[in-house]
Every structure is written in C-alpha cells, then in structure tokens.
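Engineer: This is the structure I have questions about; it appears just below.
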Amino acid sequence: MDLMKIVQDTLAVKKEVPEFKSGDTITVYYKIKEGNKERIQQFKGVVIQRRGQGMTESFTVRKISGNVGVERIFPL
C-alpha cells in the first residue's frame, strides 16, 4: 500500500459530510476573518464536480450572481 495514503488515513480527522454529487444544489456556510472580526457567509449553487480523495478531496460549486457565473472550490 502507498505510504503517503497510510499516513493520511491515520492523521485525518473524520468529518461527517452529507452525501452529494454533481448536479445537486447545495448551500455552503463558511467563516470569513477580516482583521479581528469574523462572520459566516453562505454560497448557494450547483455542484459542478467533486475530485480527489481522502484529505485532498474538494468540490466546485457554481452560482449566477448579477448575470455573472461565479465558481468556487471548497475543500472537504
């Protein structure tokens, strides 16, 4: 077995993430830190892709904001 995969599996913190796939509409809530202030912002859109595995897994969400398409990549 790959040594890198073994190390990642032992050090990875297991997160409970709901199942979703490409084509699903989801809302992602994430924290934004500006100086010493902190706020939570939401990004609602359609999942374009899900890639990677383990600690390197990420997904891309696309939304239309003011007639402009916006894509954002989130780590899992």
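Here, each number is a calculation from the coordinates, and none is a lab measurement. This structure is a prediction, so every number in the text was calculated from the model and none was measured. For neighbour counting, all protein chains shown are included, and Cβ atoms are generated from backbone atoms with ideal geometry for every residue, glycine included.
Engineer: State which residue is surrounded by the most Cβ atoms within 10 Å (Cβ to Cβ) when the search covers only segment 14-34 and only residues that are of a type in the set (D, E, K, R) and within 27 Å of Met4 (Cβ to Cβ).
Structural biologist: Ranking the qualifying residues of segment 14-34, first place goes to Lys21.
A quick yes/no check of all residues on (1) in contact with a helix residue (DSSP H, G or I) (Cβ under 9 Å, 6 or more places away or on another chain); (2) without any contact (Cβ under 8 Å) to a residue 40 or more places away in the chain; (3) within 13 Å of Phe74 (Cα to Cα):
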{"position": "Met4", "(1), (2), (3)": "no, yes, no"}
{"position": "Val7", "(1), (2), (3)": "no, yes, no"}
{"position": "Glu16", "(1), (2), (3)": "no, yes, no"}
{"position": "Ile26", "(1), (2), (3)": "no, yes, yes"}
{"position": "Gly35", "(1), (2), (3)": "no, yes, no"}
{"position": "Glu38", "(1), (2), (3)": "no, yes, no"}
{"position": "Ile48", "(1), (2), (3)": "no, yes, yes"}
{"position": "Gly54", "(1), (2), (3)": "yes, no, no"}
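Engineer: Just the residues that are surrounded by 11 or more Cβ atoms within 10 Å (Cβ to Cβ) and either farther than 30 Å from Ile6 by Cα or out of contact with any Asp or Glu (no Cβ under 9 Å at 6 or more places or on another chain) (or both), please, taken from segment 65-76.
Structural biologist: Selection gives Val70, Glu71, Arg72, Ile73, Phe74.
Engineer: Further, regarding this structure: Take Ile6 and tell me if it is among the aliphatic types (A, V, I, L, M) and over 12 Å from the mean Cα position of the chain (by Cα).
Structural biologist: Yes; evaluated as a whole, the condition is true for this residue.
Engineer: Can you tell me which residues in segment 35-64 are among the polar types (S, T, N, Q) and surrounded by fewer than 10 Cβ atoms within 10 Å (Cβ to Cβ)?
Structural biologist: Listed by number, the residues that qualify are Asn36, Gln41, Gln42.
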